[in-house]
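One structure below.
The values are calculated or read from the model by the stated rules, or taken from the named source; none is laboratory data. Small disclaimer: the values here were computed from a predicted structure and weren't measured. Cβ: placed from backbone, ideal geometry, glycine included. Neighbour counts: every protein chain shown. Calculation scope for accessible area: heavy atoms of the full protein, side chains included, ligands and nucleic acids excluded. Shrake-Rupley method; radii C 1.70, N 1.55, O 1.52, S 1.80 Å.
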Amino acid sequence: MAPDRPYTAPPRSTFLQKLGPGGLASFFLASGSAVLLLGLPVWWRMRRVLQGAGGDPVEPSDLILVLGRRLEGDHPTRTFEARLAHAADLWRRGFAQRILVAGGLTGRARISEAEAGCAWLRGQGILNEALRTEDQSQHTLENLFHVRETLRAEGWRTLILVSDHLHLARAGALARGLGLAVRCSPAPSCPPTPGSLAWWRRAALEAFFLHWYHTGLAYSRLIRSERQLNRVT
């Protein structure tokens, strides 16, 4: 019998490797259009970010998905804990029988976001058999892309997507772009405090990310790049 091989963590990718040529091109297009149009595309997306912060009415689904967040010292941050706590509450209320925590190795962590999140949930009394992980991704689009494969493999169709308020518009747009039947549910105690300067800074950043996503989608369709479209649809 061959000896067991030691666990090898999936490699971390650099920011440019994650983007790829198409992502970099769409970033410059999004940035250039925002500057040339005096920020109007970003302000337009800001409306969607604020509207999406309230989430959707929650219905019973096949799966609760918690999007990961970079760890601090191999432990969930306050924001990540708030997402996990909300997912646990939805599970206890019977909205789904399973919780999937997404997120791979990021930053300087020695364990994946998914692993740390599941450990936290087990500490809150969530049954181990109710937990699933997706530990290969390093950003939201990768999270959702891999989760889609899990849903297809298991024959599941619907999911409740849990994140913080200002992240939901972008996360929901990415999920629906991938053809997922998703309902977004905000974690109520996530920082920053609504109306604070930090809140508005985060809202503006999310608005730009949303503008970047839609710019990249339009660009990929314009040049008919199947490779690029396969990454986001």
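Identify which of 116, 218, 87 has the largest mean-square fluctuation in a Gaussian network model of the chain, with springs joining Cα atoms closer than 10 Å.
218
Compare 91, 212, 199 in a GNM of the chain, Cα atoms joined below 10 Å, and give the one with the largest fluctuation.
Among 91, 212, 199, the largest mean-square fluctuation in the Gaussian network model of the chain belongs to 199.
Which residue, 38, 67, 180, has the most motion in a Gaussian network model of the chain that connects Cα atoms within less than 10 Å?
38
Considering only C-alpha atoms, what is the centroid distance from the range 174-213 to the range 64-106, in Å?
One Cα centre to the other: 16 Å.
With each pseudo-label sitting 7 Å past Cα toward Cβ, what's the residue 149-residue 97 distance in nm, one decimal?
Calculated label separation equals 2.5 nm.
For the chain, what % of the accessible area comes from carbon and sulfur atoms, probe 1.4 Å?
Numbers: 7080 of 12600 Å².
Heavy-atom surface of the chain belonging to carbon and sulfur, 1.4 Å probe: 56 percent.
May I ask you to give the solvent-accessible area per residue for the range 172-233, in square angstrom, as obtained with a 1.4 angstrom probe? The partial results should precede the final answer.
Numbers: 3190 Å² over 62 residues.
Result: 52 Å² of accessible area for each residue.
If you work out mean projected area of the Cα convex hull in nm² from the coordinates, which of (1) 14.7; (2) 13.5; (3) 12.9 do you get?
(1)
Angle check, please: helix 78-92 long axis (alpha carbons) against the longest principal axis of the chain (alpha carbons), in degrees 0 to 90, nearest 10.
The two axes meet at around 60 degrees.
So how tilted is helix 40-52 from the main axis of the chain? Cα-based, degrees 0 to 90, rounded to 10.
Taking Cα atoms only, the helix is inclined about 30 degrees.
What accessible area per residue, rounded to a whole number of Å², is obtained for the range 79-148 using a probe radius of 1.4 Å?
Values: 2980 Å² over 70 residues.
Solvent-accessible surface per residue comes out at 43 Å².
Label-point separation (nm) for residue 181 and residue 199, each offset 7 Å from Cα along Cα-to-Cβ?
For residue 181 paired with residue 199, the spin-label model returns 3.4 nm.
Output the 0 to 90 degree angle, nearest 10, between the alpha-carbon long axis of helix 168-177 and the longest principal axis computed from the alpha carbons of the chain.
So the inclination is approximately 90 degrees.
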